[in-house]
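One structure is given below, encoded as structure tokens.
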Amino acid sequence: MNELKENDVSSFVSKFINGTNQSVFLTGKAGTGKTTLLKQIVDTTHKKTVIAAPTGIAAINAGGVTLHSLFHLPFGAFIPDNHISSEGELSFPLTTPNLLIRNLKMNSQKKGLLREMELLIIDEVSMLRADLLDAIDTILRSVRRNHYTFGGLQILFIGDLWQLPPVVKNQEWNILKDYYTNIFFFNARPFKQVELIYLELDKIYRQTDPEFINLLNNFRLNKISYDDIEMLNKQHKKQFNLLDNEGYIYLTTHNHKADKINKQALEKLAGKTYSYKAEVEGEFSEHSFPVDERLELKEGAQVMFIKNDYSGNQAYFNGKIGKIDSVSEYNIEVSFSDGTPSALVEQYKWENKKFALSTETKEIEERIVGTFSHYPIKLAWAITIHKSQGLTFEKAIIDISHAFAAGQIYVALSRLTSLKGLVLAEPAHWNGLDIDKDLAIFAQSKTTVIDANKKYKSASKQYLNNRVSEAFNFNKLKYELQEHIATYNKIATKSSKQKHLDWAQNLLKNTQELLEVSRKFQNQIKSLINQNKNDYLILLKERLAAAKEYFIPLLKEKQEVIESQINVVSKGKGVKKYLAELKTLQGNFYNQILVIHKVEVLCEAILNDKELNKTTFESITKDVRKPTAEENVKLGKKKKAKSEPKIKTALITCAYYKQGKSLEEIAEERSLNIRTIEGHISDCVEQGIIKINELVVQERIDEIKNATTELDTMFLTPIKEYLGDDFSYPEIRFVISWIKFKSLE
């Protein structure tokens, strides 16, 4: 009766995220929709959010960054003690809290990001080590100047601890075991001080067979019975040939075995091998490549899609297996054994993101710093269990004879939709892998519906009280101004900024006058809270409305003072850096105004038992006047609005083409493959930027168009075969793009 239902779990996760500062652990068996809920939270929360993960590939898949890059973490182990008890030399890097903070190389922008962040989502938390989380806690407390756990930051941990565990070397564990009973994230020091809300999604969407679901759960919890082994071994088939059975994928524990199977299977196919290389732009580490940089295919090769069909046609999904039906330099077509129509594979662009803090609005903005463009498929006769995480298969041959962790077996089996599609490579002889006692105990600590309701009521009230205190605590404005004034440290004759010192000191003095009034208001609020009256929220709402009417005009006045200073300073020379500093100061006042507006809405929502979302706060932001770049900044003789968006690479190619350069010349100048350049030109034709008659004569346009009508297809290969060698792939591709453009007119 106390168990949380599926809708309750999703609802409570959302409520805790949007209405409290309580950290939450969201878990669930494979296929229960953890990733879907993550995306939903990101899309709807009103909080300034950053997504991160322990590994590069996990970060790319989650749409975030690695924890190491976000927090500038050193590699190696971390101990939560400044005194190392170990004697002798260490064979790995070891960091203490003092060393971590002393060696922290973090610029003011990154520190600003960590201070403004309200929610951190850590995906694939099963791979997060306790010592790494302790290091993150140390950095957050220091940078955010907050002694509470995680520096007062809310964290949403997402993952299944029964899947792939954290990796720790024996030498590291010999040191770490003095501080941790095990290496799972929940053993980090902060959880000795605060409670972690533990919510689990139970409804499985991947499997429907109750027997198979029960078998998976037994493997997940290491509660295997003799009957389970018998059921599993019925799926063992001697001399089952992978290549003779279409649609099966071989799951193994080691990379080298998967690579060997794929290579041998490809070599056995007759026909020409086609090679495709990824296009990498900007920053994108090789360790984070979602697929191999070079893809080799032949007709008849078995492949697996690693992304859903983003065209909306649902022609394929992540994990769907098919066979290369036709392949050329320009075209890859995949057919499926389940009777669904063939799919033309189009390149997919993965983005490497970084998060940055806007100096104007203090909002956290995503920046795309690099892209990886490639076909979202890989050879799929075999794959490692580790790389299969998150995928779904109808049929698979599974080799668990060399499994070294219970989670590996569970991950492998749970990829399948049913037991019917399973072939066991070797009979299972299960003696059981050791299950961590701490993990078993932790798994029993799930939050009940009664506890969740109680915790939410107290946590939401605490969250509101803290937000009220932050909204009317102007110490941060004072500290920022003091730090700014400390930079006026040069001789006036050598610095155009130095002559404005008096102006800065006056601004600080006027701001400090607000502090005394705000302290009195905060004391009134504390008294109101401590009285704990039944009508506390109604009275608080009234006090907030009055405080808003008093403080916001005064804060806006300071904004206008800075704006006037910007206008004065911008007329001088060599003031670019100083203008940026003033812009940051103005952003601080804007942010304080916004927080006051937000806390009033938060109070009203809690009073009326409503949940806040992104839409609510976006409407507030529109109502609050933002300091615009047109008002603020003049660089040289021009007013700079905001940084120009990065020009799309296809448009750069188009510009070269408009200058009269050939496609070969453009490819050489841009150091890109000629096929990539042809793709850019095709994109520009489809957008109507380049006219088709500039590329193909009318007679050939008509013939290609007639061929698409006659064959009722837009696929390149059948059209090329129909028209013969007199027609080239590029001109067919250009005409098809033109047909698509005309269909939208």
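Descriptive notes on the structure:
- Hey, GLN235 open to solvent by less than 60 Å² (accessible area, probe 1.4 Å) and at pLDDT 85 or above or not: yes
- Counting the residues of the stretch 160-192 that are more than 16 Å from SER445 (Cβ to Cβ) and in a loop (DSSP other than H, G, I, E, B) gives 12.
- Residue that is modelled with the highest pLDDT [pool: residues in the stretch 381-408 that are part of a helix (DSSP H, G or I) and under 27 Å from the mean Cα position of the chain (by Cα)]: SER388
- Per-region count, the stretch 210-230, residues assigned to a loop (DSSP other than H, G, I, E, B) and either among the hydrophobic types (A, V, I, L, M, F, W, C) or surrounded by 13 or more Cβ atoms within 10 Å (Cβ to Cβ) (or both): 3
- When residues of the stretch 81-101 are limited to those that are of a type outside the set (A, V, I, L, M) and at pLDDT below 75, the one most open to solvent (accessible area, probe 1.4 Å): GLU89
- Options ASN489, ASN506, ASN510: the member that is farther than 26 Å from ASP160 by Cβ and either modelled with pLDDT under 85 or in contact with a strand residue (DSSP E or B) (Cβ under 8 Å, 6 or more places away or on another chain) (or both): ASN489
- Here TRP738 passes the criteria (1) buried (at least 19 other Cβ atoms within 10 Å of the Cβ); (2) under 16 Å from ASN331 (Cα atoms) except the one numbered (2).
- Criterion: modelled with pLDDT of 85 or more and either of a type outside the set (Lys, Arg) or in contact with a Leu (Cβ under 6 Å, 6 or more places away or on another chain) (or both) - qualifying residue of ILE739, ILE674: ILE739
- Residue within the stretch 107-116 that is touching a helix residue (DSSP H, G or I) at 6+ places or on another chain (Cβ under 6 Å), buried (at least 20 other Cβ atoms within 10 Å of the Cβ) and either farther than 21 Å from LEU161 by Cα or touching a residue at least 60 places away in the same chain (Cβ under 8 Å) (or both) present: yes
- Scanning the stretch 328-363 for residues that are open to solvent by 20 Å² or more (accessible area, probe 1.4 Å) and among the aliphatic types (A, V, I, L, M) turns up LEU344, ALA356, LEU357.
- Residue ID - modelled with the lowest pLDDT, chosen from residues in the stretch 594-625 that are of a type in the set (Lys, Arg) and either over 29 Å from the mean Cα position of the chain (by Cα) or surrounded by fewer than 19 Cβ atoms within 10 Å (Cβ to Cβ) (or both): ARG625
- Hey, TYR375 open to solvent by 30 Å² or more (accessible area, probe 1.4 Å), touching a residue at least 24 places away in the same chain (Cβ under 8 Å) and either in contact with a Phe, Trp or Tyr (Cβ under 8 Å, 6 or more places away or on another chain) or within 15 Å of ALA278 (Cβ to Cβ) (or both) or not: no
- For the stretch 451-461, the condition of being among the acidic types (Asp, Glu), surrounded by fewer than 18 Cβ atoms within 10 Å (Cβ to Cβ) and at pLDDT 80 or above holds for at least one residue.
- Matching residues, the stretch 272-299, being modelled with pLDDT of 90 or more, surrounded by fewer than 16 Cβ atoms within 10 Å (Cβ to Cβ) and either on the phi > 0 side of the Ramachandran plot or assigned to a strand (DSSP E or B) (or both): SER275, LYS277, ARG294, GLU296
- Annotation: VAL9 fulfils all but one of (1) at pLDDT 90 or above; (2) assigned to a helix (DSSP H, G or I); (3) farther than 30 Å from LEU94 by Cα; the unmet one is (1).
- Taken over the stretch 691-719, the criterion of being open to solvent by less than 30 Å² (accessible area, probe 1.4 Å), at pLDDT below 90 and under 22 Å from THR676 (Cβ atoms) is satisfied by LEU716, THR717, ILE719.
- Qualifying position, being closer than 24 Å to LYS111 by Cβ, out of contact with any His (no Cβ under 6 Å at 6 or more places or on another chain), without any contact (Cβ under 8 Å) to a residue 60 or more places away in the chain and buried (at least 16 other Cβ atoms within 10 Å of the Cβ), among LEU477, LEU555: LEU555
- Yes/no for GLU329 being modelled with pLDDT under 90 and assigned to a strand (DSSP E or B): no
- Of all residues in the stretch 525-535 being under 15 Å from SER469 (Cβ atoms) and touching a helix residue (DSSP H, G or I) at 6+ places or on another chain (Cβ under 9 Å), the one that is most open to solvent (accessible area, probe 1.4 Å): LYS526
- Subset of the stretch 244-270 that is in a loop (DSSP other than H, G, I, E, B) and hydroxyl-bearing (Ser, Thr, Tyr) - its residue that is farthest from GLU426 (Cα to Cα): TYR248
- Some residue of the stretch 195-205 being open to solvent by 50 Å² or more (accessible area, probe 1.4 Å), out of contact with any strand residue (DSSP E or B) (no Cβ under 9 Å at 6 or more places or on another chain), in a loop (DSSP other than H, G, I, E, B) and within 24 Å of LEU113 (Cα to Cα): no
- Among the residues of the stretch 300-326, just one is at pLDDT 85 or above, more than 16 Å from LYS395 (Cβ to Cβ) and open to solvent by 50 Å² or more (accessible area, probe 1.4 Å), namely ASP325.
- Test: residue in the stretch 301-313 that is in contact with a strand residue (DSSP E or B) (Cβ under 8 Å, 6 or more places away or on another chain), under 29 Å from SER414 (Cα atoms) and among the basic types (Lys, Arg): yes
- Number of the exception - TYR316 against (1) without any contact (Cβ under 8 Å) to a residue 60 or more places away in the chain; (2) not in a loop (DSSP other than H, G, I, E, B): (2)
- Close Cβ contacts (under 8 Å, 6 or more residues apart or on different chains) running from residues in the stretch 279-295 that are over 16 Å from GLY63 (Cα atoms) to residues that are part of a strand (DSSP E or B) and open to solvent by 70 Å² or more (accessible area, probe 1.4 Å) comprise GLY282/ILE368; GLU293/LYS277; ARG294/LYS277; LEU295/LYS277.
- Filtering SER682, SER728 for residues that are in contact (Cβ under 8 Å) with a residue 24 or more places away in the chain and either polar (S, T, N, Q) or open to solvent by 70 Å² or more (accessible area, probe 1.4 Å) (or both) leaves a single hit, SER682.
The values are calculated or read from the model by the stated rules, or taken from the named source; none is laboratory data. Source: prediction; values computed, not measured. Note: ideal-geometry Cβ built from the backbone for every residue, glycine included; neighbour counts use all protein chains shown. Note: accessible area is taken over every heavy atom of the protein model, side chains too, but ligands, DNA and RNA are not part of it. Shrake-Rupley method; radii C 1.70, N 1.55, O 1.52, S 1.80 Å.
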